[in-house]
1. So which of B:D67, B:D95, B:D56, B:D145 ends up being within 14 Å of chain A (Cβ to nearest Cβ) and either free of Cβ contacts under 8 Å to residues at least 12 places away in the same chain or under 26 Å from the mean Cα position of the chain (by Cα) (or both)?
2. Considering only the range B:73-81, I want to know if a residue exists there that is part of a loop (DSSP other than H, G, I, E, B) and at pLDDT 80 or above.
3. Residues in the range A:172-188 that are without any contact (Cβ under 8 Å) to a residue 40 or more places away in the chain and more than 7 Å from chain B (Cβ to nearest Cβ): how many?
4. Among the residues in the range B:455-470, are any touching a strand residue (DSSP E or B) at 6+ places or on another chain (Cβ under 7 Å) and surrounded by 14 or more Cβ atoms within 10 Å (Cβ to Cβ)?
5. Any chance you could count how many residues in the range B:130-167 are in contact with an Asp or Glu (Cβ under 7 Å, 6 or more places away or on another chain) and outside any strand (DSSP E or B)?
6. Looking at the range A:414-438, which of its residues are over 30 Å from A:V508 (Cβ atoms) and either surrounded by 13 or more Cβ atoms within 10 Å (Cβ to Cβ) or under 26 Å from the mean Cα position of the chain (by Cα) (or both)?
7. Restricting attention to the range B:150-169, which residues are within 11 Å of another protein chain (Cβ to nearest Cβ) and among the basic types (K, R)?
8. Tell me which of these B:R337 doesn't satisfy, since it passes every other one: (1) over 16 Å from the mean Cα position of the chain (by Cα); (2) of a type outside the set (A, V, I, L, M); (3) crowded, with 16+ Cβ neighbours inside 10 Å.
Amino acid sequence: MSVSLNRRTFLRGSAGALLPLPFLNLMEASAKTENEGKPPVRFMALFKPNGVHPPTWNIEEGSEFDFRMTPMMKSFEKHKDDLLVLDNIGDFGFASHANSSRRFLSGHHQNTKTASIDQIIADKIGGDTPHKSLELTTEGLFPGQIGCSYISYDQNGQPIPRESDPQLIFDRLFNNPLSHPQKRKQMASLLDRVNEDAKSLSRKAGAEDQQVLDQYLTVVRETEKRLQTMKAASTGPIDFTKLERPEGGGSLDDQVESMLDLIALAMWTDQSRCISYMLGNSNSRMIFDFLGVKEQHHYLSHFFRNFSPTNIVELLKVCSWHMEKFDSLLNRLKSYKDHNGTLLEHSVVLFGSGMGHSDNHTVKRIPMVLAGQGGGMIKTGRYLRYAENQPVGKLHLALLQQFGVDTDSYGMAETPLAGLDGSPINFYEERAFDTWVKHEDKTITVQGRLRLSDDLNQAKIFFVDVKGKPAVRLEIGFRDFHDFNLAYHCGTPITLTGNGTLRGEELVITKVTKLESVFGKLPGKANG
Amino acid sequence: MRFSLSVLVLGVCLSLSFAGSRFALADEYAADILPLLKKYCFECHGAGDEVNGEVDFTKIKTAAQVDASFEKWESAIGLIEAGEMPPEDSPQMSDVERAIFVEWYSQRFVDSVEAKPHVFQPRRLSAHEYRNTMRSMFGFDLEVDIIEAQQTVVEKSMVMKLLPTDPRGKSGFRNDTHNNPLSTVIWDQYSYLADNALEQMFSKRRRKHLEKITGPIAGTGPTFAQAEILVRDFVPRAFRRDVDEQKIDQILARLNQADKLVPVLKVELKTVLMSPGFLYRGILMKKIPGQQLVDDFELAERTAYFLWADMPDAQLLSTAAQGKLRDPDVFQSEVTRMLKSPRAMNLAEDFATQWLSLNEIRNISNDPILPLSLLSQPVDFMNYLFTQDRPLMELIDSDVAFVNPNVRGFYGKDAKQMTAYRKQKGIEREVVPNQQIQLENTQERGGILTMPGIVAMNKGPVLRGVWMLERILGQHLPDPPADVGQVKPNSQGENLTFRERFELHRSNPTCAVCHRKIDPLGFSLQGYDAKGGYILADDYEKTQKNKKTVSKKGEVIDTSGKMPSGEEFNNFYELKEILITTERETIIRNIVKKTLSYALCRELKLHDQPTVEDIVDKLNKNNGTYRDLIHEVVNSLPFQETIIPGEKL
């Protein structure tokens, strides 16, 4: 059966990027029609640089099936049923940037002599695809700490060069001039013509010219030979010549959207089954000018060290953009029909970072989300917060075993992380605490969990949640924010007293007079 | 009596034809020189177990080999005249023998050498030239999609990313591509790059570039008439010369038959970009055997690739097409115009960077901010010398510096001349452009030799001395023997300085030949630490009663030395004085040779020597500038003329 994608298949989405339209007739056909039985499983890893801003990322309440996605997760909330949100991944104090990019796919930053899991999985599932794996990125090398620029490592633990240009990737995947039927024809006629030109020159040439022309003609002849030896690509179910080459030269957003297009297309056409993609270097100093942000990402990511209310808003814009790109990838993987399901159902996407808290670089509560069912290996629609902090290596070992890699240890881990396939785990249990609120005259005292506003554009507004009542709103100045260290207590239960009033249904505190942690937690004294 | 004989032979030779004098001189080599070499030189240079200093005289047998080794003779004569060769512990030449050698050299390699141009050799564009040429052809750069952030290293140019790095040719420059043949790998990359450029040319994104040539394009693509305009513009520019009307007609005829215009147009233009006339320089010049002026288009091309590493622009091409380029005034004003173009930055960025090995500054730190900040200084400085018409010797002696905030610490009070730099909020580190300042309090930074990046990239006195000898004084040094070992630490009871221990270490006469020249130069820079910092005390001169230089910390630092000529100096300032007086001509000669060699894209030959000497002489006498130098080079015989081998018709 022969299927072609014509350029109408791609329409401009609202984001301005090329989006494949699902469910057109020709998309219904699967890329590998003859291959009944199990469809191939794919693996993708999407790296978010510079950790997260925990108050907006962390889920503080909820159980395996009943949990509320946090403000930062909003852009991919619609995929909740296809996600397995992991929490309490990472088990030690501090990570350098270079360590955190190594950790993302290698289990542990000291695991520097073996391949990262994408490469091991590629060996297992790559089969006879033309590209066993692809390693992609957005920015250049950071030679000051070279490890910051790589997440994929070969069998000796050496970094694998990455490619950032969507056109180069497109051409590598779909545009080999020696097998592309149209280009073969063009090259053949071009060779004829330049051959003629060179020969006519050579009739008039002096000895020195002759030598150069001989070299030139030799290369022309060799290319003719190569053209004859290399057969035209067999016209499979998809005619690659009809695919539209991405436009280059756009913003970071255009570049990434094009690359996400290509990732999905490469997977769907079975050009590759394993791709890693870095949205930025581990300590990225990119400037997101297309979001109206003028500061370097790394500077903003140290949101405590470089605190200002506007910096937080800018940082959250940058982080939200990363989340939107994860959403973009999932949208694409869902839009491709693959055998009897979608491409996402036959894929595992690992999205996350190598550190948790972007300011103090802790390797705890690292953002790690799995998407897709991988043909049944992952049970999605769940939130798993493990009782103990889990080494990243255990997650990687579990993934390797799910992909059928025969190994019982990886990246310093000897046991796989339980629960990915629905197996039982020990859940984290928070100590119970009461929530209440008292309002006397102008003094309000409230006990409950402190959290940041859901609206990321007003990151200086906080709330204290009280069961059965509207949350108490904190509209306080920087002085109070700083003196009572709200950033530290964010996400935890507190007892807070302050001055305020009732505004409609909502109690609003404008000045804090006292703040205590319910469980007596205290921030360190050192300056951040 | 040998002397009078030589003079006699010379007199006879001058009346003979060129070929005849060659023969007679070759004979003299066998009769007079070979016996001397056998007697004094062969043991260490060819006939013994080891070949010292990469010089093997036993391999020089034919007259052609004698000629080809002229640089070897030049340095041999220098060593013999200075009494450095044969080494002290070997039998010495008599004065008469020495005079025979010197006389033979000057007859054969100075007096009797006739200036002549080189045989015409077409050569492939270097990757750098190809990048610039494609940019000029299309009006936009071929770039890779990659985000540029501070502190990262990015190859933004698709050409430089995809084409293999050109090896340095025999001249030491990468534009000397004579021994860098085309391969199928490079062919595929050319094909890919041409496709890419043409794809872009007809895309919406690049429409305005295309319209600059064709005029406003209505609808989806150019009309046939616009395609014709494009072809008539594109093809002669690609070939850097007028093209037969017949060739254009053939292309237009094929376009005329096309169902769809743009795809056929792309194939036609790609064929041009893949043909020898585009990829090779000089291959389309009409070749008539004999010595001759190169044609006007070739002259335009030579000039443009020398100054810009790029194809001639529209004005230069049309001047050539009108046959006006040989008018000296027109040529002069074209060259002056080209030097004012921003593209002339190429002389600093490509030529000077290779000549002075400036890219080694990139290796001094992993964090690119500091190396890039340090590298930009000599590049901007060299651009200033080349384009602001500065005297040649300002390379060594200048009170102008180009300084950016990341290196301001090296410039003390003088840095106050810079307009204040305020880092924008949220920018942690960044590379900032240089400002030109006048050195009033930090003269220790004047000239190229003591720029922070230069002293930092050459670690230790040996590398600094070698760099100065090779890059500034133009001497070629052989590699040291592999088994030199380490400088020994003081043994018990010994209390020698590093310099004294080092001198013991290399006291072996074989080593001493080169190190006598290297070490004084290198140790004169001991007032600069490994990071390029200046460590001498402010009043180092007052404290040097016993001729010792003192550091800020009060340590005695031996910066003194003695030149092979016998001149002595106490510190770098005195050395600098020697460099700009005694060594002035040597330095000018090196500048001339390097520039001529880059301009010609080849190593210099014996028959270029008269041209070199002629230019050196003029510039030395007239206190010439870099602009004078450039004008001399583009008007020189080897640049203007060529020889096409073969029978005259």
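1. That would be B:D145, the only listed residue that is within 14 Å of chain A (Cβ to nearest Cβ) and either free of Cβ contacts under 8 Å to residues at least 12 places away in the same chain or under 26 Å from the mean Cα position of the chain (by Cα) (or both).
2. Within the range B:73-81, none of the residues are part of a loop (DSSP other than H, G, I, E, B) and at pLDDT 80 or above.
3. We begin by selecting, within the range A:172-188, every residue without any contact (Cβ under 8 Å) to a residue 40 or more places away in the chain; these are A:177, A:183, A:185-186, A:188.
When the remaining residues are screened for being more than 7 Å from chain B (Cβ to nearest Cβ), the result is A:183, A:185, A:188.
Qualifying residue count for the region: 3.
4. Yes, the range B:455-470 contains a residue that is touching a strand residue (DSSP E or B) at 6+ places or on another chain (Cβ under 7 Å) and surrounded by 14 or more Cβ atoms within 10 Å (Cβ to Cβ).
5. Going through the range B:130-167, the residues in contact with an Asp or Glu (Cβ under 7 Å, 6 or more places away or on another chain) turn out to be B:132-133, B:135-136, B:144-147, B:149-152, B:154, B:156-158, B:161.
Right, trim to outside any strand (DSSP E or B) and you get B:132-133, B:135-136, B:144-146, B:149-152, B:154, B:156, B:158, B:161.
Residues that pass the stated criteria total 15.
6. Just the residues of the range A:414-438 that are over 30 Å from A:V508 (Cβ atoms), to begin with: A:414-429.
Correct list: A:T415, A:P416, A:L417, A:A418, A:G419, A:L420, A:D421, A:G422, A:S423, A:I425, A:F427, A:Y428.
7. Our first condition is that a residue be within 11 Å of another protein chain (Cβ to nearest Cβ); within the range B:150-169, this holds for B:150-156, B:158, B:161-162.
Answer for the range B:150-169, where residues must be within 11 Å of another protein chain (Cβ to nearest Cβ) and among the basic types (K, R): B:K156, B:K161.
8. The number of the failed condition is (3).
The values are calculated or read from the model by the stated rules, or taken from the named source; none is laboratory data. Bear in mind that the values here come from a model prediction, so they are computed numbers and not experimental data. Every residue, glycine among them, receives a Cβ derived from its backbone with ideal geometry; neighbour counts consider all protein chains shown.
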